[in-house]
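Engineer: The structure under discussion is supplied below as structure tokens; questions concerning it will follow.
The values are calculated or read from the model by the stated rules, or taken from the named source; none is laboratory data. In this text the structure is predicted, and so the values were computed from the model without any measurement. In this analysis, Cβ positions are derived from the backbone assuming ideal geometry, glycine residues included, and neighbour counts consider all displayed protein chains. Heads up: the accessible areas ignore ligands, DNA and RNA and are worked out on the full protein's heavy atoms, side chains in. Shrake-Rupley method; radii C 1.70, N 1.55, O 1.52, S 1.80 Å.
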Amino acid sequence: MLLFFALGLLVHFVFFASIFDIYFTSPLVHGMTPQFTPLPPPAKRLVLFVADGLRADALYELDEDGNSRAPFIRNVIMHEGSWGVSHTRVPTESRPGHVALIAGFYEDVSAVAKGWKENPVEFDSLFNESTYTWSWGSPDILPMFAKGASGDHVYTYSYDAQREDFGAHDATKLDTWVFDKVKDFFDAARNNQSLFSKVNEEKVVFFLHLLGIDTNGHAHRPSSREYKDNIKKVDDGVKEIVSIFKDFYEDDGKTAFIFTSDHGMTDWGSHGAGHPSETLTPLVTWGAGIKFPQNVSAQQYNDEFLKEWRLENWKRQDVNQADIAPLMASLIGVPFPLNSVGILPVGYLNNTALFKAESMFTNAVQILEQFKVKMTQKKEATLPFLFTPFKSLSDSQQLDILRKARSYIKQEKFDEVVSLCEELIDLALRGLSYYHTYDRLFLGISVAVGFVGWMSYASLLTVKSHSNIPRGNRREGEKPHHVLPCSFMAAAVLVACFLTIQACPWTYYVYCLLPVPIWYAVLREHEVIQDLAESLLTFPLSHLVAYLLVFTLGIEVLVLSFFYRYMLTAGLIVFAGWPFLTQLWTRAKVTCLSWALFSLLLAVFPLMPVNGCRITGSSAVAGCSNNSHKKKFGKGRAVGTSVTDAEYSPLYVCCVQHPPQSVKERRPTSYESDCELDDISLTSMQFTWNTDIAQFRQLHLDDIRRAFFLVSFALGLLRSSNLFNRTGIFSSWSRILAAGLISEQASATM
């Protein structure tokens with residue numbers, strides 16, 4: 001029995017670890033050729049301000065007196081540059097946000113094993129492509145971009161990690177340190193000829209990471225005076241730094257400025273999930289190559305924000321967070337980051353139509369290069385007769401689109417070039433996702449076959465241990481058959497050969513070979529299977545139907561709990577009363593009473609408000625409901641996140657320090673989402689969603705598969721626990737709930 005217990009732990013560990021190979025492989029590829037626009041860039045240098053933890057509404061809204069907390073930034077919006085909302089993706093953490101901003105791709109999900117602190121795979125970035133980059137800020141952010149940079153041209157200046165005190169009374173000193181160091185840097189450059197010549201080079205980047213707002217938000221919450229005052233101090237600091245640049249470079253008009261944030265923050269001071277307060281961040285750009293403010297009478301975003309922010313007359317242009325990387329590369333003329341999946345927002349560029357068309361063409365070729373490398377890698381590792389290419393973007397289609405785009409450029413049909421390149425980018429990104437998940441079905445089937453086999457084996461041993469099945473024994477002297485073990489040995493050899501030919505990782509051997517001994521053990525119990533089948537045939541049909549109905553109802557309750565949390569409460573209440581309807585009550589009263597008590601206690605938790613949803617005071621974040629539907633973000637290009645777009649952490653809730661959100665809040669959602677939020681007050685703002693049914697994510701067959709993945713995992717644990725004790729089911733429910741949390745997160749990324 002102890003051996004079986006150890007084998008059970010091993011099997012469940014392997015199935016658990018398979019999540020990482022199926023959903024957590026790095027999407028990054030290497031070997032692409034750098035692509036850059038063959039035209040003179042509008043800017044010689046770029047200044048990037050990232051206000052860590054700054055929410056869009058906190059920057060754009062007016063205070064109680066009708067004044068802006070960031071008057072300089074607001075003046076830029078109205079008189080100097082372009083603005084919008086940058087939509088981040090889950091996980092809304094500092095590192096993934098900066099990777100999206102500077103490298104142009106959404107977090108490499110394999111970094112979950114490093115706690116989102118370090119990337120296991122090297123990647124290209126804007127800093128690496130620059131001539132020189134100087135950066136100031138947090139020691140948690142700056143080193144990761146200098147670590148992978150080629151050469152010695154990325155310089156970092158960080159304060160001590162001890163300064164990042166999230167319990168400090170006021171963290172504005174972190175931002176003051178950055179501004180002071182930048183001022184000292186330019187004072188030194190005036191007296192250092194070598195440094196002076198470097199800062200006057202072309203394609204230079206200055207990066208200011210401002211952590212104070214995030215730290216004050218964690219310590220005091222975004223509605224606090226400390227958080228709001230920090231925004232004002234950042235605004236003053238940005239104004240002073242801009243003045244220093246103009247003075248140092250004698251206002252030559254060759255400096256581009258970008259002000260944004262890596263992520264937002266909930267009203268109760270957390271981030272990491274997909275709530276709009278965490279995913280909506282500001283984007284303000286001005287300077288060389290940036291379009292001046294555009295006065296408009298109508299916006300493409302039909303929401304209340306523009307009126308509440310009193311910015312309805314200035315054109316707003318929303319982007320995906322990863323789109324900022326190609327924008328910055330285009331401004332200073334460096335190659336687009338090799339792993340970038342961002343789409344250049346040409347609406348921000350103040351340049352010729354030819355420059356915009358060439359930049360979009362470069363963007364399309366750069367993403368297409370990743371697609372071609374990914375396809376080549378997968379093709380080389382797959383047997384020719386088994387390889388299935390991405391049919392929507394064949395080699396001939398690639399050439400046709402590129403030729404047509406070049407032809408349009410010669411004919412000066414620049415708008416058509418932009419549209420054609422956007423189409424090519426969309427196809428290439430879909431193809432990247434296709435090849436990245438190419439082995440997912442194969443691995444999923446292997447794991448499912450093994451898991452079903454283990455459930456079957458555990459069930460057979462349970463029946464064998466607690467019943468008179470099998471009824472008869474094998475006759476004495478009967479020789480064992482060798483056909484079954486030989487067949488399974490042959491199957492194992494064939495599977496191993498198949499994996500070897502395709503040069504698969506060693507973990508693939510584990511997932512694919514593990515079902516062989518499991519199913520061999522199942523079929524060895526053929527006598528139990530035969531007697532069990534005979535017993536079921538003699539079982540009363542009415543009883544069988546009743547049990548099937550109860551079983552089906554239980555599964556439906558588990559599936560519905562994915563969407564309605566209170567269904568878990570209903571199921572737990574039924575579980576609490578179940579022992580009293582059986583003979584267990586007469587045999588183990590204390591155990592039954594304990595079971596009922598703890599089940600009822602567990603039943604309370606699904607009814608409790610989700611973290612951050614009901615906070616007393618002037619600001620409260622409410623949950624999903626069907627009341628007071630206000631249009632949030634308009635019908636522009638969907639720039640949020642979606643379940644099908646991203647590969648996110650199934651263990652996210654276990655791997656980061658922030659409390660878990662509800663299923664609806666935790667799942668990545670587009671800003672035109674399938675969830676409705678009611679009465680969400682972010683100070684004076686309301687992040688609400690329209691309930692237009694056309695915007696809802698449609699239910700797919702995969703959704704059913706994901707839901708039943710939890711059920712299968714739970715039943716496997718249940719069968720394993722029943723083997724040791726007939727009352728083992730009492731202790732298994734808590735394990736099922738824990739497994740369900742992990743499995744639900746995993747299924748959200750399938």
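Engineer: Say R0 is 35 Å: what FRET efficiency, to the nearest 0.05, do Leu553 and Leu2 get from their beta-carbon distance?
Structural biologist: E(calc), rounded to 0.05, equals 0.45.
Engineer: Quick one: what Rg and Dmax do you get for segment 298-354 from the alpha carbons, in Å?
Structural biologist: 14.2, 40
Engineer: Considering just Cα atoms, how many Å³ per residue does the convex hull of segment 348-481 enclose?
Structural biologist: It comes to 165 Å³ per residue, whole-number rounded.
Engineer: Just the number, please: Stokes-Einstein D of segment 275-321 in µm²/s, Kirkwood Rh from C-alpha pairs, 4 °C, 1.567 mPa s.
Structural biologist: The Stokes-Einstein estimate is 106 µm²/s.
Engineer: Remind me, what semi-axes does segment 205-250 give for its equivalent ellipsoid, largest first in whole Å, using sqrt of 5 times each Cα gyration tensor eigenvalue?
Structural biologist: Equivalent ellipsoid of segment 205-250: 27, 11, 4 Å, largest first.
Engineer: Sticking with the crude label model, points 7 Å out along Cα→Cβ, report the distance from Phe605 to Leu581 in nm, one decimal please.
Structural biologist: Here the modelled spin labels are 2.4 nm apart.
Engineer: Now a separate question. How large is ³J(HN,Hα), in whole Hz, for each residue of segment 343-350 in order, when computed from phi with the Karplus curve 6.51 cos²θ - 1.76 cosθ + 1.60 and θ = phi - 60°, using x for Gly and Pro?
Structural biologist: 10, 4, x, 5, x, 8, 7, 10
Engineer: At 7 Å along the Cα-to-beta-carbon direction for both Val590 and Ser392, put a label point, then send me their distance in nm to one decimal.
Structural biologist: Label-label distance for Val590 and Ser392, simple model: 6.3 nm.
Engineer: Between Asp247 and Phe385, what length comes free when the chain is fully extended (0.36 nm per residue of separation minus the Cα-Cα distance, one decimal in nm)?
Structural biologist: Extra length from Asp247 to Phe385 when fully extended: 43.1 nm.
Engineer: By its C-alpha gyration tensor, with a ≥ b ≥ c as the square roots of the eigenvalues, how is segment 1-82 shaped: rounded for a/c under 1.5, else prolate for a/b larger than b/c, else oblate?
Structural biologist: In terms of gyration-tensor shape, oblate.
Engineer: Roughly what would the spin-label model give for Ala503 and Phe196, points 7 Å off Cα along C-beta, in nm?
Structural biologist: The answer from the label model is 5.4 nm.
Engineer: Still on this structure, I have one more. Please work out the FRET efficiency for the pair Lys232 and Glu423, using the Cβ-Cβ distance as r and a Förster radius of 35 Å; give the result to the nearest 0.05.
Structural biologist: According to the calculation, E is roughly 0.20.
Engineer: How many angstrom separate the Cα center of segment 385-463 from the Cα center of segment 269-289?
Structural biologist: 29
Engineer: Further question on the same structure: Round to a whole number: what % of the accessible area of segment 125-275 belongs to carbon and sulfur, probe 1.4 Å?
Structural biologist: Reported share for carbon and sulfur atoms: 43 percent.
Engineer: Net charge around Asp229, counting only other residues with Cβ within less than 12 Å of its Cβ (Lys, Arg = +1; Asp, Glu = -1)?
Structural biologist: -1
Engineer: What are the radius of gyration and Dmax of segment 264-407, computed over its Cα atoms and given in Å?
Structural biologist: 19.8, 61
Engineer: Quick one: grab the alpha carbon gyration tensor of segment 203-331, order the square roots of its eigenvalues as a ≥ b ≥ c, and give me rounded if a/c is under 1.5, else prolate or oblate depending on whether a/b is larger than b/c.
Structural biologist: It is oblate, given that a/c is not under 1.5 and a/b is not larger than b/c.
Engineer: Which value does Rg/Rh take for segment 141-239 over its C-alpha atoms, Rh per Kirkwood?
Structural biologist: Reported Rg/Rh, Kirkwood definition of Rh: 1.04.
Engineer: Taking the alpha-carbon centroid of each part, what is the distance from segment 40-95 to segment 321-336 in angstrom?
Structural biologist: Each part's Cα centre sits 17 Å from the other's.
Engineer: Distance from the Cα centre of segment 359-381 to that of segment 534-586, in angstrom?
Structural biologist: Here the two parts' Cα centres lie 51 Å apart.
Engineer: May I have the convex hull volume per residue, in Å³, for the Cα set of segment 402-556?
Structural biologist: Dividing the Cα hull volume of segment 402-556 by its residues yields 208 Å³.
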